[in-house]
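Below is one structure, written out as structure tokens, with a few remarks after it.
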Amino acid sequence: MSKTKGSVRAVPLQAIALAALERTAWNSRTQLLFPAPRGGYLSLRNFRVREWKPAQVEAGIKPLRRVYDLRHTFATFALRAGISTFDLSRYMGASLTMIDRHYGHLARDGRDHAISLLDTHAADVHGVGAGWAPRRVAIAGSGNGSAV
């Protein structure tokens, strides 16, 4: 159950995660993917103590991580994979400002990416038939301060 209707989001999952979910035994008595042992919603406090901490200890993870840390891991992996900050903000239900403040240094959709995209499409500028389009195509230099 989500906090609000607006907090319900679809997020992308890697093929390995989808394959693991396919192997998960489905309990037909509930619509929950991971129900509590007696059915119903998991108690986060109980989950941390009974499942999360022992799994980390068994895996040798030090220092132990919070469940909430998975949110940061997802954001980091997503940005390193090239997902845009705009898309990530939608998946996480966070503002672009928050994503930029915390993870902007990891984003591939920054200034260099923008220059690359603009340079790639510079040759098509006359094809749009816009009266404001320049007659001479300008390609940004590495400093983006001078035109060629």
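Considering each residue of segment 99-119, count those that are assigned to a helix (DSSP H, G or I) and closer than 14 Å to residue 79 by Cα, and give that number. Even if it seems obvious, please write down each step before you answer.
Our first condition is that a residue be assigned to a helix (DSSP H, G or I); within segment 99-119, this holds for 99-106, 111-119.
Of the ones still in play, those that are also closer than 14 Å to residue 79 by Cα are 99-106, 113.
Residues in segment 99-119 being assigned to a helix (DSSP H, G or I) and closer than 14 Å to residue 79 by Cα: 9 in total.
Could you please let me know if residue 80 is farther than 23 Å from residue 35 by Cα, outside the structural domain of residue 117 (by TED's automatic domain parsing), surrounded by 11 or more Cβ atoms within 10 Å (Cβ to Cβ) and touching a residue at least 60 places away in the same chain (Cβ under 8 Å)? Outline the logic, then answer.
Details: farther than 23 Å from residue 35 by Cα: yes; outside the structural domain of residue 117 (by TED's automatic domain parsing): yes; surrounded by 11 or more Cβ atoms within 10 Å (Cβ to Cβ): yes; touching a residue at least 60 places away in the same chain (Cβ under 8 Å): no.
When the stated conditions are applied, residue 80 does not pass them.
What are the residues in segment 23-79 that are of a type in the set (Gly, Ala, Ser) and over 25 Å from residue 90 (Cα atoms), if any?
25, 28, 36, 39, 40, 43, 55, 59, 60
The values are calculated or read from the model by the stated rules, or taken from the named source; none is laboratory data. Being a predicted model, the structure only gives us computed values, none of them experimental. Cβ: placed from backbone, ideal geometry, glycine included. Neighbour counts: every protein chain shown.
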